[in-house]
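One structure is given below, encoded as structure tokens.
The values are calculated or read from the model by the stated rules, or taken from the named source; none is laboratory data. Nothing here was measured: the structure is a model prediction, and the numbers come from that model. Cβ atoms come from the backbone with ideal geometry, glycine included; neighbour counts cover every protein chain shown. Protein only, heavy atoms only, side chains kept; ligands, DNA and RNA dropped before computing areas. Shrake-Rupley method; radii C 1.70, N 1.55, O 1.52, S 1.80 Å.
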Amino acid sequence: MRGPPNSWEKQMSDQFKCLAAAGSAALIVACLSGARAADKKYDIVTVVKIDGIQWFDRMEEGVRKFAADTGNNAYQLGPDKGDAQLQVQLIEEAIAKKVDAIAVVPFSPEALEPVLKKAMAAGIKVVSHEAATIQNVDLDIEAFRNAGLGEHYMKTLGECMGGKGEYAVFVASPASTTHNQWVDAAIAYQQANFPDMKLVGSKNETADDLQQAYEKTEELLRAYPNLRGFQGSGSTDVAGIGKAIEAHGKNDETCVVGTSLPSIAGRYLDSGAVDMISFWDPALAGYAVNKLAVMLLDGKQPTDGMDLGLPGYEKVSFDGKVIRGQAWVDVTRANAKDYPF
């Protein structure tokens with residue numbers, strides 16, 4: 001497994017460090033609330049969509065930080081490409097190893113339902129992320145209300161385009177629940193608020209692959225020479241779109257928004273080929289899913305309005321099995337350097 005970058009402690013210390021000097025015993029207790037007894041350590045595997053891309057490298061930092069903070073055997077695995085069946089294989093292996101909990105970011109929630117049901121039947125606690133509609137989990141945690149982010153993307157895109165023109169949307173696959181929720185909400189917002197904008201084509205699938213996003217954008221630019229707007233969903237989508245926009249010299253003629261990280265899309269923000277990215281810190285999400293897994297293993301249930309002790313998750317809302325925070329941030333060329341990951 002890869003080690004975290006040297007900047008980890010600097011980036012995360014303010015988020016996770018307990019009070020260095022508490023003025024009272026009560027403050028010490030508050031600082032250490034949620035800490036686990038030293039003799040209770042669990043095996044927790046986080047299974048992500050794809051190994052080796054920046055988004056999930058960053059998530060692994062959070063998983064590693066959780067392991068270091070708590071002493072649990074928390075670690076991350078993922079397939080080498082976006083493929084639900086490869087995730088199923090990793091989860092089957094985790095079940096065979098009799099891990100205590102599985103945290104999962106599904107490529108396709110529907111495809112994982114049977115194997116997660118099997119894990120729960122084996123007494124394994126299951127916590128998901130980016131899978132608000134999934135059934136066979138104990139809990140799912142989302143960084144925000146998904147429709148809200150989709151509406152935010154379209155509001156930004158529509159304003160950038162002056163409320164007029166053709167636009168296209170990208171998702172990893174039809175089975176990527178959150179991506180489709182963002183895009184569906186964005187399209188609905190466009191129809192209600194920007195009637196002079198027009199969606200061209202259908203949802204463009206990229207399998208969370210930058211090169212596929214680039215090739216899809218090239219195809220779209222040839223098919224629709226007046227195309228001006230793009231919304232990406234996978235973390236590499238806007239980088240692939242931006243690469244094509246640069247190649248066509250359309251930096252100043254187009255508007256591109258979507259989910260990504262500065263480490264992925266920063267150069268295209270600098271050039272103006274991408275106008276805005278939004279994200280939630282994957283490291284915090286990785287920490288959160290593991291923290292919830294331990295709560296469940298300790299026989300505790302999260303409650304509406306509780307503070308998970310993480311930025312963006314200070315007052316979570318509860319809807320059935322789904323927990324939601326308020327954790328997205330917007331980044332443009334102006335503030336990209338504030339987020340060095």
- Sole miss for Ala336 among (1) under 21 Å from His179 (Cα atoms); (2) open to solvent by 10 Å² or more (accessible area, probe 1.4 Å); (3) touching a strand residue (DSSP E or B) at 6+ places or on another chain (Cβ under 9 Å) is condition (1)
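For (1) in a loop (DSSP other than H, G, I, E, B); (2) open to solvent by less than 40 Å² (accessible area, probe 1.4 Å); (3) more than 22 Å from Phe144 (Cβ to Cβ); (4) modelled with pLDDT under 95, each residue gets a yes or a no:
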{"site": "Ile264", "(1), (2), (3), (4)": "no, yes, no, no"}
{"site": "Val274", "(1), (2), (3), (4)": "yes, yes, no, no"}
{"site": "Pro302", "(1), (2), (3), (4)": "yes, yes, no, yes"}
{"site": "Gly312", "(1), (2), (3), (4)": "yes, yes, no, no"}
{"site": "Lys315", "(1), (2), (3), (4)": "yes, no, no, no"}
{"site": "Phe341", "(1), (2), (3), (4)": "yes, yes, no, yes"}
- Give me the pairs: first residue in region 294-312 and touching a residue at least 24 places away in the same chain (Cβ under 8 Å), second residue open to solvent by less than 40 Å² (accessible area, probe 1.4 Å) and among the hydroxyl-bearing types (Ser, Thr, Tyr), beta-carbon distance under 6 Å, and six or more apart or on different chains, which are they? Leu297/Tyr42
- When residues of region 52-87 are limited to those that are surrounded by fewer than 21 Cβ atoms within 10 Å (Cβ to Cβ) and in contact with a Leu (Cβ under 7 Å, 6 or more places away or on another chain), the one nearest to Ala175 (Cα to Cα): Ala84
- What are the residues in region 38-78 that are under 13 Å from the mean Cα position of the chain (by Cα), basic (Lys, Arg) and part of a loop (DSSP other than H, G, I, E, B), if any? Lys49
- Within region 139-173, the residues that are open to solvent by 10 Å² or more (accessible area, probe 1.4 Å), assigned to a strand (DSSP E or B) and either among the charged types (D, E, K, R) or farther than 26 Å from Asp252 by Cα (or both) are Glu166
- Per the filter on region 317-333, residues buried (at least 16 other Cβ atoms within 10 Å of the Cβ) and either aromatic (Phe, Trp, Tyr) or within 21 Å of Asp57 (Cα to Cα) (or both) are Ala327, Trp328, Val331
